[in-house]
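Working notes, beginning with the structure itself.
The values are calculated or read from the model by the stated rules, or taken from the named source; none is laboratory data. Everything numeric in this text was worked out from a predicted model, so none of it was measured. With ideal geometry, Cβ positions are generated from the backbone for all residues, glycine too; neighbour counts draw on all protein chains shown. Just so you know, the surface numbers come from the protein's heavy atoms only, side chains and all, with ligands and any DNA or RNA stripped out. Shrake-Rupley method; radii C 1.70, N 1.55, O 1.52, S 1.80 Å.
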Amino acid sequence: MDFPSLELKIRMTLVAGPDLSVFVPVRLYYKDTDPYAVQFSFDVTPDKVVQWTFARELLAQGLTAPAGIGDVKIIPIGPHQSRCLSIELESPDGCARLEGPAASVKAWLAKTFEVVPAGRESESVDIDSFLDELLTD
C-alpha cells in the first residue's frame, strides 16, 4: 500500500520541574514503512532533536486513559472538552514530560486510522522485501 506520510506539527510544553516549563516544537509523523508506529520528535535546542518511536495503538489508548508501562507513558489530563495529553519519556539519558493539546493529536491520529485501519497494518508491510533486506546484510 502506498500513501502519503502524515505529519502533525504542534507546540507542547516541556515540563522541566514544578516551576519550570518551556514551549517546544513537536512533530508527530506516520509513514507507510512502519504502519504500527508513530514517530515523535521535539527540539531540545536548535541543534538537538530528541526522537522516539512508539506504538500507534499506545497513543490511541493514551488519549482516553493512562497507557504505557515502560519507557513511554501517555496520560490524558483534564475534562474531555479541554483535555490535554501528557507524554512521559524515559531513557538511560534522562526523562522528559511533554504536555499539549489532545484534540490536535486525536484529529491527526484519526487520519492515520483512515489510511490504515486498526487491525489492517500487516497489509501495509512488505514482508518479502523486509526478509530480503535481512538476509542480504
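Some observations on this one:
- Selection of the range 34-49 for residues being surrounded by 18 or more Cβ atoms within 10 Å (Cβ to Cβ) and assigned to a strand (DSSP E or B) yields ALA37, VAL38, PHE40, PHE42.
- Conditions (1) under 20 Å from CYS84 (Cβ atoms); (2) outside any strand (DSSP E or B); (3) of a type in the set (A, V, I, L, M, F, W, C); number of the one not met by ILE69: (1)
- The single residue among LEU14, LEU8, LEU28, LEU58 that is touching a Gly at 6+ places or on another chain (Cβ under 7 Å), touching a residue at least 12 places away in the same chain (Cβ under 8 Å) and not in a loop (DSSP other than H, G, I, E, B) turns out to be LEU58.
- Scanning the range 78-91 for residues being assigned to a strand (DSSP E or B), over 12 Å from the mean Cα position of the chain (by Cα) and either touching a residue at least 24 places away in the same chain (Cβ under 8 Å) or surrounded by 13 or more Cβ atoms within 10 Å (Cβ to Cβ) (or both) gives a total of 2.
- The residue that is surrounded by the most Cβ atoms within 10 Å (Cβ to Cβ), among those in the range 66-76 that are among the aliphatic types (A, V, I, L, M) and at pLDDT 95 or above, is ILE74.
- Considering residues of the range 97-119 that are in a strand (DSSP E or B) and closer than 23 Å to LYS31 by Cβ only, the residue most open to solvent (accessible area, probe 1.4 Å): PRO101
- Positions within the range 17-33 being among the charged types (D, E, K, R) and surrounded by 12 or more Cβ atoms within 10 Å (Cβ to Cβ), in sequence order: ARG27, LYS31, ASP32
- Cβ pairs under 9 Å, 6+ apart, first in the range 92-119 and free of Cβ contacts under 8 Å to residues at least 24 places away in the same chain and farther than 17 Å from ASP32 by Cβ, second assigned to a helix (DSSP H, G or I) and small (Gly, Ala, Ser): ALA103/SER82
- For the range 21-62, a residue qualifies if it is more than 14 Å from TRP108 (Cα to Cα) and among the basic types (Lys, Arg), and exactly one does: LYS48.
- Condition met for THR64 (assigned to a loop (DSSP other than H, G, I, E, B) and out of contact with any Gly (no Cβ under 9 Å at 6 or more places or on another chain)): yes
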